[in-house]
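Trainee: Starting off with a structure, shown below.
Bear in mind these aren't lab numbers, they're just calculated from the coordinates by the rules spelled out. Only a predicted model underlies this, so the values are computations on that prediction, with no experimental measurement involved. Ideal geometry is used to build each Cβ from the backbone, glycine not excepted, and the neighbour counts take in all protein chains shown.
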Amino acid sequence: MGYYFKQAALTHASLGKQVMCVMTKEFTRIPPTTHGLPNMEPGNMVNITFKYCQEMKSLSELLISFCSTQNELLPDVLVVNSLNEYKRSKLLLSGTQYASILSLLSETVEYIGRRKQTTVLLYVSLSLALTQEEQKTWIDLVKQWTHELWILEGNANRLVCGRIQVQFTVLGSNMFLKTVSEID
């Protein structure tokens, strides 16, 4: 699970929210936490459920299973890490298949929210090696299904969403916020 999504899960869990993290594989090591934000403590981890799905079919089945899940077991926050690692059979996903799963994810959190009578949050990470032209096409596609799109800019340790940028430093097992600013 990426640093940012693990931190989002921990932050919501520390606020008493039930968080479900969906990943293709288990942790090999504990990622760093952001300095000053919640850590991986038992009181936070008790609110996080991990599910492992290696193929798109198992991810779809997990989302559909929420229809028969008791309300108190439904998540308040759904985190899907590295959507690009999910495969359909032995093939990588196409743009149409990404649009399909993003639509299913969006509809799932809307459904859970109606059942729980609250707003359910969805975080999805996706990492693709793209040319500048391909990146614009993908950004336009993803924006159709999301409220915000944060882009991690290479090795610059910078997240960008619209006109807002967040710069940070990673030192050992900690992540330090440097600046939050508006892009001119």
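Trainee: Residue-wise, which Karplus ³J(HN,Hα) couplings in Hz belong to region 75-86, taking 6.51 cos²θ - 1.76 cosθ + 1.60, θ = phi - 60°, and x for glycine or proline?
Mentor: Karplus values, whole Hz, x for Gly and Pro: x, 8, 9, 10, 10, 10, 9, 6, 4, 5, 7, 6.
Trainee: Quick one: what are the phi-derived ³J(HN,Hα) couplings along region 158-167, Karplus 6.51/-1.76/1.60 with θ = phi - 60°, whole Hz, x for glycine and proline?
Mentor: So the Karplus estimates, Gly and Pro as x, are 9, 9, 10, 9, x, 9, 9, 10, 10, 10 Hz.
Trainee: Mind giving me the nanometre distance, one decimal, between the label points for residue 40 and residue 71, set 7 Å out from Cα along Cα→Cβ?
Mentor: Taking the two extended label points, one gets 3.4 nm.
Trainee: Could you go through region 17-26 in sequence order and give the Karplus-derived ³J(HN,Hα) for each residue, using 6.51 cos²θ - 1.76 cosθ + 1.60 with θ = phi - 60°, rounded to whole Hz, and x for Gly and Pro?
Mentor: 7, 7, 10, 10, 9, 10, 9, 7, 8, 6
Trainee: Would you grab the residues whose amide H sits under 5 Å from the one on residue 158? Only those 5+ places off in sequence or on another chain, please, with H modelled 1.01 Å from N.
Mentor: For residue 158, whose amide H was placed from the backbone, the distant partners under 5 Å are 153.
Trainee: If a paramagnetic tag sat 7 Å from the Cα of residue 26 along the Cα-Cβ line, which residues of region 38-56 would have the backbone N under 15 Å from that point?
Mentor: Residues 50-54 fall inside that zone.
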